1. Residues that are at pLDDT 75 or above and either out of contact with any helix residue (DSSP H, G or I) (no Cβ under 8 Å at 6 or more places or on another chain) or within 14 Å of another protein chain (Cβ to nearest Cβ) (or both): does segment B:168-175 have at least one?
2. Got a sec? Which of A:11, A:64, A:55 is under 25 Å from residue B:196 (Cβ atoms), at pLDDT below 90 and buried (at least 17 other Cβ atoms within 10 Å of the Cβ)?
3. Being without any contact (Cβ under 8 Å) to a residue 12 or more places away in the chain and either under 15 Å from the mean Cα position of the chain (by Cα) or surrounded by 12 or more Cβ atoms within 10 Å (Cβ to Cβ) (or both) is the filter; apply it to segment A:80-95 and report the residue that is farthest from the other protein chains (Cβ to nearest Cβ).
4. Filter segment A:33-50 down to the residues that are more than 7 Å from chain B (Cβ to nearest Cβ) and within 27 Å of residue B:66 (Cβ to Cβ) and list them by number.
5. Name the one entry in A:73, A:98 that is more than 13 Å from chain B (Cβ to nearest Cβ), in contact (Cβ under 8 Å) with a residue 60 or more places away in the chain and either touching a helix residue (DSSP H, G or I) at 6+ places or on another chain (Cβ under 9 Å) or exposed (fewer than 13 other Cβ atoms within 10 Å of the Cβ) (or both).
6. Out of (1) closer than 28 Å to residue B:21 by Cα; (2) more than 8 Å from chain B (Cβ to nearest Cβ), what's the single condition that is false for residue A:53?
7. Is there a residue being closer than 30 Å to residue A:120 by Cβ and either in a loop (DSSP other than H, G, I, E, B) or at pLDDT 95 or above (or both) anywhere in segment A:80-99?
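The values are calculated or read from the model by the stated rules, or taken from the named source; none is laboratory data. It should be emphasised that the depicted structure is a prediction, and the values quoted were computed from it without experimental measurement. Because the Cβ atoms are built from the backbone with ideal geometry, glycine has one as well, and the counts that use them run over all protein chains shown.
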């Protein structure tokens, strides 16, 4: 945002962080949609595919919670070379949750985009 | 901060702190958490080449302070167990962890503590009445007001309100208060967990648009 007041920019940045925090669970479920991944892979997938950077110390407790809620399952896989890795995958409940959240997100963002179009057009 | 130059020892030292911070979590889960974090640290450090002291420090820095990492595991685990068990002691323990985090948690803990204390007092009074008949709900006479559940000194004045009906009334009031307090605590825990979920698991969780996580 060129020429934006630093205070407004700061406030917008904080809002953006809060918004993305709220999307973390959906982002992790979506990252696992394609198959099983281990912690570091999940972090890298989120970083490259969604530009969502999670504090590394947060992702494991979050995965643990999702597992406790029955949305994820995990298994240790011995690597041929290297270290054993704990892989996570979506459970059937996790897949249903991902679909439900993705639908809500898609509907909400589509309707909000209609409203935001005018704001973005006039601000350019 | 000076650290051991031996990467393996540095990792072990970090993991010992993690292990000691995971209080209240079952031992098999602790072993699993520590194993997963060790794999993460080693793999992340090795991704830059060899397991060098600098690479390990970078990996540990990215993971965060041990107490910050363990607090996320502990609070969620304790709250989940409190919500699942419905036992007053487990529920109160979960609320206690919340009380150490913020003022809301402290107030909820205080209210639950008072609720359980009142409930237990009525229940105990009802149970002890057959063995100690002088136990009752005593009220002061006109010139000296007091309300006491239990025994009073014989020369204190006042009269007992419930008599032997203290047994059924105490059981009902005690059980009811404990039940209500537990329901209130569980409702608070559910709200707390929903809020944490909405806030993305707590402070310093995620960022985007910049290459630095907060």
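1. Yes: one or more hits.
2. Answer to the selection: A:55.
3. In this case the residue turns out to be A:84.
4. Within segment A:33-50, the first condition is being more than 7 Å from chain B (Cβ to nearest Cβ), and the residues that meet it are A:33-38, A:41-50.
Of everything in segment A:33-50, those that are more than 7 Å from chain B (Cβ to nearest Cβ) and within 27 Å of residue B:66 (Cβ to Cβ) turn out to be A:37, A:38, A:41, A:42, A:43, A:44, A:45, A:46, A:47.
5. A:98
6. So the condition that residue A:53 fails would be (2).
7. yes
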